[in-house]
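Working notes, beginning with the structure itself.
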Amino acid sequence: MADNIYSVIKASGCFIPPGIIKNSDFLSNVFYDAEGKILGVPNEEIISKFKKITNISERRHLENQYVTSDMAYFAASDAIKSSDIDPETIDYVIMAHNFGDVKADNVRSDMVPSLAARVKHRLGIKNPFAVAYDVIFGCPGWLQGVIQANYYIKSGDAKRVLVIGAEALSRISDPHDRDSMIYSDGAGAVIWEAKESNEPVGILSHATRSDTHTHAHLLWMNKSYNPGHQGEEIFLKMNGRRLYEYALNNVPQVVKQCIEKANLTLEEIDKVLIHQANEKMDEAILERLFKLYDNAVIPSGIMPMVIDKLGNSSVATIPILLDLILKGKMESQKLEPGYNVVFASVGAGMNINSVTYRFA
């Protein structure tokens, strides 16, 4: 590993589907519980409680003619255009997702060839030594791809790596499960490149953990909650309460470990870019993190949020958030040279990871 070679952000891009689905669009849904019984409260009350917990008022759904790899291609194209580089100089294309390409009229996962291979093909990259592969790691998949990219760059194996996160959760969410209101679609992409520097810049550290022994099945796939549902599809399910508890008990410690590995203090962190899963949960994670440092004062604006309008798009939430900030599309948010940022995500597995980054 070269001590003076660092992985820095060259450019970013994203794709946010134009289709806006508001909370009011769920008023006509018939929601069931896990036992197959219709929830005995009005949808207005269900939606109001949902909004209070998650702060989601809108989410984005992909247009019927597109699939996940289409969104990934759009985001990757945006990043390449923003970078003004020759795509033939990209050494790796790493694609994070969890369900492959799921068509609107055929709810089955399609992962052959890999989505990364499909994106590389559509980008027109001819270089046979530009390796394209997928990462299946739950919601933290994009960050795990970034961690892998950093190893390639630090080892000298790569000069540029394109890491994409894309998901169409609307295609695998049960319309009879109130949790379906959380899920959204989107894609984000970042080009990482090697930078020689005598001072630490770019990726400074990372931390990852997988609690499969006791928490592997907090998210899983199963049939619709509606016992009368016609079809053999399986949908994404989650134990929301246990997931919330797991995240609060473990994510802050992983983030703290990551910050300490970078030889930084919490006071030196300018932004926390966290997976946008549930605003109440993310705020609680941030509070727990500050308590670990015996610091009760949380700086205003340290954790930018877009979940209110974009929902939870799994692996895509962090790269989309990053791209919006870098391109000045979030009011009162900026990322400037010298800023220290910590990324964090938690999801199916259960997996958690975190990365610290210093802008050059």
Odd one out for Ile47 among (1) crowded, with 16+ Cβ neighbours inside 10 Å; (2) of a type in the set (A, V, I, L, M, F, W, C); (3) more than 30 Å from Leu219 (Cα to Cα): (3)
Those residues of segment 149-159 which are crowded, with 20+ Cβ neighbours inside 10 Å and under 17 Å from Phe129 (Cβ atoms), in sequence order: Ala149, Tyr152, Ile153, Ala158
All positions within segment 94-142 that are farther than 12 Å from Ser69 by Cα, of a type outside the set (A, V, I, L, M, F, W, C) and in contact with a helix residue (DSSP H, G or I) (Cβ under 6 Å, 6 or more places away or on another chain): Asn127, Tyr133, Gly141
Pairs with Cβ under 9 Å, 6+ apart, first in segment 239-252 and within 14 Å of His217 (Cβ to Cβ), second of a type in the set (D, E, K, R): Gly240/Asp179; Tyr246/Asp211
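Against the definition (closer than 30 Å to Val30 by Cα, touching a strand residue (DSSP E or B) at 6+ places or on another chain (Cβ under 8 Å) and of a type in the set (Asp, Glu)), how does Glu233 come out, yes or no? If you could, list the steps in order and put the result at the bottom.
Details: closer than 30 Å to Val30 by Cα: yes; touching a strand residue (DSSP E or B) at 6+ places or on another chain (Cβ under 8 Å): yes; of a type in the set (Asp, Glu): yes.
In short, yes.
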Residue within segment 32-43 that is surrounded by 12 or more Cβ atoms within 10 Å (Cβ to Cβ) and within 28 Å of Leu321 (Cβ to Cβ) present: no
Any hit, segment 315-322, residues being in contact with a strand residue (DSSP E or B) (Cβ under 6 Å, 6 or more places away or on another chain), closer than 23 Å to Gly186 by Cβ and of a type in the set (Ser, Thr, Tyr): no
Segments classed as strands (runs of 3 or more DSSP E), wholly inside segment 1-98, with at least 3 members that are in the same structural domain as Val190 (by TED's automatic domain parsing) and within 19 Å of Ala189 (Cα to Cα): 5-15, 92-96
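Need a quick list: strands (runs of 3 or more DSSP E) entirely within segment 188-263 having at least 3 residues that are surrounded by 15 or more Cβ atoms within 10 Å (Cβ to Cβ), of a type outside the set (Lys, Arg) and out of contact with any Lys or Arg (no Cβ under 8 Å at 6 or more places or on another chain).
Working: elements: 202-210, 219-222, 235-238.
By residue number, 202-210.
Does Tyr92 satisfy being touching a Phe, Trp or Tyr at 6+ places or on another chain (Cβ under 7 Å) and surrounded by 18 or more Cβ atoms within 10 Å (Cβ to Cβ)?
Values: touching a Phe, Trp or Tyr at 6+ places or on another chain (Cβ under 7 Å): yes; surrounded by 18 or more Cβ atoms within 10 Å (Cβ to Cβ): yes.
Yes: the conditions hold for Tyr92.
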Residues located in segment 264-301, provided they are among the β-branched types (Val, Ile, Thr) and either within 17 Å of Gln144 (Cα to Cα) or crowded, with 18+ Cβ neighbours inside 10 Å (or both): Ile269, Val272, Ile274, Ile285
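Considering each residue of segment 275-305, count those that are over 22 Å from Leu324 (Cβ atoms) and in contact with a Ser or Thr (Cβ under 6 Å, 6 or more places away or on another chain), and give that number. Break it down stepwise before answering.
Taking segment 275-305 as the starting set, the residues that turn out to be over 22 Å from Leu324 (Cβ atoms) are 284, 287-297.
With the extra rule that they be in contact with a Ser or Thr (Cβ under 6 Å, 6 or more places away or on another chain), the set shrinks to none.
Matching residues across segment 275-305 total 0.
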First in segment 122-141 and in a strand (DSSP E or B), second anywhere and basic (Lys, Arg), Cβ under 8 Å, 6 or more apart: Ala132/Lys120
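The values are calculated or read from the model by the stated rules, or taken from the named source; none is laboratory data. Keep in mind that this is a model prediction, so the values were computed, not measured. Cβ atoms come from the backbone with ideal geometry, glycine included; neighbour counts cover every protein chain shown.
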